[in-house]
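Written out below as structure tokens is the structure these notes cover.
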Amino acid sequence: MSQTAAVVLAAGQGTRMRSSLPKVLHPLAGRPLVGHVLDALAPLAPARTVVVIGPGMEAVAQAVAPHPTVEQTERLGTAHAVLQARDALAGFTGTVLVLYGDTPLVPSATLERLVAAQTGPEAPAVVVLGFRPEDPTGYGRLLVGPEGLEGIVEEKDATSEQRALRLCNSGVMALEGRVAFELLAQVGNANAKGEYYLTDVVALARAAGRRCHVVESAAEDLLGVNSREDLATAERVVQERLRRAAMSAGVTLSAPETVFFSWDTRLGEDVTVGPFVTFGPGVTVASGVEIKGFCHLEACTVATGALIGPYARLRPGARIAENAHIGNFVEIKNATVETGAKVNHLTYIGDARIGSRANIGAGTITCNYDGFFKHHTDIGADAFIGSNSALVAPVSVGDGAMVGAGSTITSDVPAGALALTRAPQETRDGWARRFVERMRRLKR
């Protein structure tokens with residue numbers, strides 16, 4: 001596959017998205033659209049990958065780095081866009097794949113089939129990726145004959161017989177590198193839009209006596225994202241794929257349609273995921289974990305045997321060790337919860353270490369931010385933190401120490417000690433009864 005190069009077209013303005021964000025940077029399963037395209041290319045190990053961007057698209061250049069970019073200053077059509085990569089691919093004679101940054105669902109295996117077809121015995125100059133949509137309206141039709149692909153006709157130029165054809169052009173192609181830019185340089189713009197169309201290379205190759213072929217793929221693989229509606233459709237497709245992959249790998253999803261994954265979610269075997277769970281980017285969950293319903297996890301790790309939720313939130317930097325429990329309405333951020341520790345109710349733990357087998361009572365808060373800096377809280381093994389306690393960082397609670405319920409801890413607590421900041425209780429016998437009677441009299 002080292003004799004493969006790729007040109008990814010990403011210069012489109014995406015006006016239908018109605019967004020200041022370049023279209024190819026809109027997220028799909030937690031990753032920009034163009035990132036999915038580059039990921040699909042990765043198994044082919046292209047010798048060179050060039051991304052074509054438009055003016056003012058520095059954000060796209062940063063997103064696709066370290067791949068080089070070239071700028072299409074004037075948007076004069078797809079053939080013109082590919083031509084911008086000529087210098088970057090100078091001297092390359094292998095297969096040149098042309099892909100689109102807004103067509104994110106093409107599998108690596110399909111790209112490999114394109115390359116195999118172009119490098120096959122007949123060595124076609126052009127291989128076009130075709131598909132058969134339920135509704136072909138608006139797509140160019142692929143005209144296939146005894147000698148392979150004979151041409152591409154746009155729907156507006158097609159006869160009634162050609163419009164009846166179901167095999168459509170996706171725009172994705174594999175070109176022979178030796179002739180690719182020679183053919184592209186011959187493309188004219190004598191059409192209604194005055195643009196240079198990549199599809200014209202088929203007719204030019206045929207006129208030069210070269211063969212052209214078609215490789216087919218599933219319609220959902222070639223979904224282009226041109227609007228927010230298209231983006232939602234693509235999200236449905238990719239989520240269904242991720243759910244199927246998770247279940248095939250030994251994950252139980254009690255309500256699959258309600259679970260949302262990121263492109264890089266990693267779940268071990270015998271993980272159970274309840275309904276309405278969302279995995280943001282960067283989550284790794286080991287085997288034997290149970291994640292109950294309505295949890296949100298992002299950029300965190302969960303070790304074997306842990307129990308999460310329901311209604312738990314694990315934010316970036318959360319590290320949950322073996323057999324730890326994170327319960328309902330608990331938020332963990334940039335903190336380690338060590339083996340067997342329990343944080344079961346209504347608690348915020350940020351910038352902290354919770355030692356092995358420690359128990360954190362309901363309503364506990366680590367006060368980690370002073371308005372300018374974040375500070376660390378360290379809670380030792382087997383410590384017990386009473387309910388409704390506030391730990392004002394930086395502070396440490398030693399191994400086996402206890403904090404009385406309702407305390408505000410501002411100083412370190414030694415191992416094995418008890419710390420509490422509780423005012424003495426005062427009980428006034430009969431006060432409540434007399435108060436109620438007095439208020440009733442006033443209300444008459």
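Numbers for the structure displayed
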quantity: Flag if Ser170 is within 34 Å of the chain's Cα centre (by Cα) and not aliphatic (A, V, I, L, M); calculated: yes
quantity: For Pro27: the one exception among (1) modelled with pLDDT under 95; (2) farther than 28 Å from Glu182 by Cβ; calculated: (1)
quantity: Val127 being at pLDDT below 95, buried (at least 17 other Cβ atoms within 10 Å of the Cβ), of a type in the set (Val, Ile, Thr) and under 28 Å from Lys23 (Cα atoms); calculated: no
quantity: Matching option when the condition is of a type in the set (A, V, I, L, M, F, W, C) and out of contact with any Phe, Trp or Tyr (no Cβ under 8 Å at 6 or more places or on another chain), among Leu175, Leu167; calculated: Leu175
quantity: Matching residues in the range 212-241 - criterion: being open to solvent by 60 Å² or more (accessible area, probe 1.4 Å), in contact with a Leu (Cβ under 9 Å, 6 or more places away or on another chain) and either touching a residue at least 60 places away in the same chain (Cβ under 8 Å) or not in a helix (DSSP H, G or I) (or both); calculated: Glu216, Glu220
quantity: Matching residues in the range 279-307 - criterion: being assigned to a strand (DSSP E or B) and over 18 Å from Gly327 (Cβ atoms); calculated: Phe279, Thr284, Thr301
quantity: Number of the condition not met by Leu89 [criteria: (1) over 22 Å from Ala232 (Cα atoms); (2) modelled with pLDDT under 95; (3) in contact with a Lys or Arg (Cβ under 8 Å, 6 or more places away or on another chain)]; calculated: (2)
quantity: When residues of the range 153-166 are limited to those that are open to solvent by 60 Å² or more (accessible area, probe 1.4 Å) and assigned to a helix (DSSP H, G or I), the one farthest from Val128 (Cα to Cα); calculated: Ser160
quantity: Some residue of the range 354-361 being part of a strand (DSSP E or B), closer than 20 Å to His296 by Cβ and open to solvent by 10 Å² or more (accessible area, probe 1.4 Å); calculated: no
quantity: The range 173-211: number of residues that are over 17 Å from Leu142 (Cβ atoms) and assigned to a strand (DSSP E or B); calculated: 1
quantity: Candidate set from the range 300-329 (those that are among the hydrophobic types (A, V, I, L, M, F, W, C) and closer than 9 Å to Val289 by Cβ); member that is surrounded by the fewest Cβ atoms within 10 Å (Cβ to Cβ); calculated: Leu307
quantity: Any hit, the range 144-152, residues being closer than 22 Å to His80 by Cα and either touching a strand residue (DSSP E or B) at 6+ places or on another chain (Cβ under 6 Å) or modelled with pLDDT of 95 or more (or both); calculated: yes
quantity: Hits in the range 52-68 (condition: open to solvent by 20 Å² or more (accessible area, probe 1.4 Å) and either within 16 Å of the chain's Cα centre (by Cα) or farther than 26 Å from Gly177 by Cα (or both)); calculated: Pro55, Gly56, Glu58, Ala59, Gln62, Ala63
quantity: Complete set of residues in the range 167-211 that are among the polar types (S, T, N, Q) and either open to solvent by 60 Å² or more (accessible area, probe 1.4 Å) or modelled with pLDDT of 95 or more (or both); calculated: Asn169, Ser170, Gln186, Asn189
quantity: Count of residues meeting criterion [basic (Lys, Arg) and open to solvent by less than 20 Å² (accessible area, probe 1.4 Å)] in the range 24-51; calculated: 0
quantity: Among residues of the range 263-281, those that are more than 9 Å from the chain's Cα centre (by Cα) and open to solvent by 30 Å² or more (accessible area, probe 1.4 Å), counted; calculated: 8
quantity: Yes/no for Pro104 being touching a His at 6+ places or on another chain (Cβ under 7 Å), at pLDDT 95 or above, surrounded by 17 or more Cβ atoms within 10 Å (Cβ to Cβ) and more than 24 Å from Glu182 (Cβ to Cβ); calculated: yes
quantity: Search result, residues across the range 402-421 that are touching a Gly at 6+ places or on another chain (Cβ under 6 Å) and part of a loop (DSSP other than H, G, I, E, B); calculated: Gly404, Ala405, Pro414, Ala415, Gly416, Leu420
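The values are calculated or read from the model by the stated rules, or taken from the named source; none is laboratory data. Keep in mind the model is a prediction, meaning the values are calculated, not measured. Cβ coordinates were reconstructed from backbone atoms using ideal geometry, including for glycine residues, and neighbour counts include every protein chain displayed. Just so you know, the surface numbers come from the protein's heavy atoms only, side chains and all, with ligands and any DNA or RNA stripped out. Shrake-Rupley method; radii C 1.70, N 1.55, O 1.52, S 1.80 Å.
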